[in-house]
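Worksheet: the structure to be examined is printed underneath.
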Amino acid sequence: MEYSNQQLIHGIRQGDLAYFETLYKKYYIFLCLIAENIVRNHSDAEEIVSDVFVKLWNIRENINITTSIKAYLIKAVHNTSLNYLEKSKTSNKLTDNFNDSDFKLLAWDSDYPLGQLYEKEITDILEHGINTLPDACRQIFVLSRNEDMKYKEIADKLGISVNTVKTQMKIALVRLRENLKDYMMVLIIFILGI
């Protein structure tokens with residue numbers, strides 16, 4: 001079932017895990033790609049996104065989202081990624097070329113036709129990328145992301161090692177990032193420069 005922005009926010013404020021799970025499944029991969037483009041490390045990106053979702057759940061009763069929940073999550077992942085870079089004293093071209101005052105909230109909402117266009121295009125590319133993964137790789141990726149299974153659960157279900165699951169997930173994410181590479185600058189411009 002597709003929930004509206006307001007339904008998701010209200011449901012999460014009320015502590016309804018179904019709404020939270022819907023939000024998580026809808027945006028997790030997308031947010032990981034954004035974080036990974038900033039921190040340049042897949043594991044760190046996943047940790048950053050997980051931290052954002054945990055924090056959202058912990059402050060759920062007091063959240064005040066004036067934009068779309070997607071824009072809120074993108075901004076939270078962006079800020080958490082920058083904080084991570086600052087704490088780890090890691091530097092990359094993105095943080096060298098921009099300072100914090102250059103970053104502005106992405107207005108990527110259903111009210112903005114250009115945002116809808118980019119979102120649909122990126123979603124289509126992502127779905128196509130998933131469909132072109134090798135069978136075993138795609139199966140593992142789908143079990144992890146769509147079925148929300150842990151690596152150990154996937155390994156047990158498929159009769160393979162956890163390391164094989166990790167390797168296949170890494171392959172899937174590298175290929176998906178490659179599919180979206182031409183759109184990363186568009187994402188960054190929208191996230192950082194509007």
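The values are calculated or read from the model by the stated rules, or taken from the named source; none is laboratory data. Everything numeric here is computed off the predicted structure, so don't read it as measured data. Glycine gets a Cβ as well: all are built from the backbone with ideal geometry, and neighbour counts include every protein chain shown.
When the criteria are applied in full, L192 fails the requirement of being over 18 Å from the mean Cα position of the chain (by Cα), part of a helix (DSSP H, G or I), aliphatic (A, V, I, L, M) and at pLDDT below 70. For the stretch 38-85, filtering for residues that are surrounded by 15 or more Cβ atoms within 10 Å (Cβ to Cβ), under 17 Å from K25 (Cβ atoms) and among the β-branched types (V, I, T) leaves 5.
Within the stretch 127-163, the residues that satisfy the criterion of being outside any helix (DSSP H, G or I) and either more than 23 Å from E21 (Cα to Cα) or in contact with a Phe, Trp or Tyr (Cβ under 6 Å, 6 or more places away or on another chain) (or both) are T132, L133, P134, G159, I160, S161. Answer yes or no: is there a residue in the stretch 31-51 that is more than 25 Å from F141 (Cα to Cα) and among the charged types (D, E, K, R). Checked the stretch 31-51: no residue is more than 25 Å from F141 (Cα to Cα) and among the charged types (D, E, K, R). When both residues are 6+ apart or on different chains and their Cβ atoms are under 6 Å apart, which pairs have a first residue that lies in the stretch 160-175 and is modelled with pLDDT under 90, and a second that is part of a helix (DSSP H, G or I) and not hydroxyl-bearing (S, T, Y)? Qualifying pairs under 6 Å: I171/C137; A172/C137; A172/F141; L173/H42.
In the stretch 18-34, the condition of being more than 12 Å from the chain's Cα centre (by Cα) and of a type in the set (F, W, Y) is met by at least one residue. Applying the set (1) closer than 23 Å to E147 by Cα; (2) in contact with a helix residue (DSSP H, G or I) (Cβ under 7 Å, 6 or more places away or on another chain) to E47 leaves exactly one unmet item: (2).
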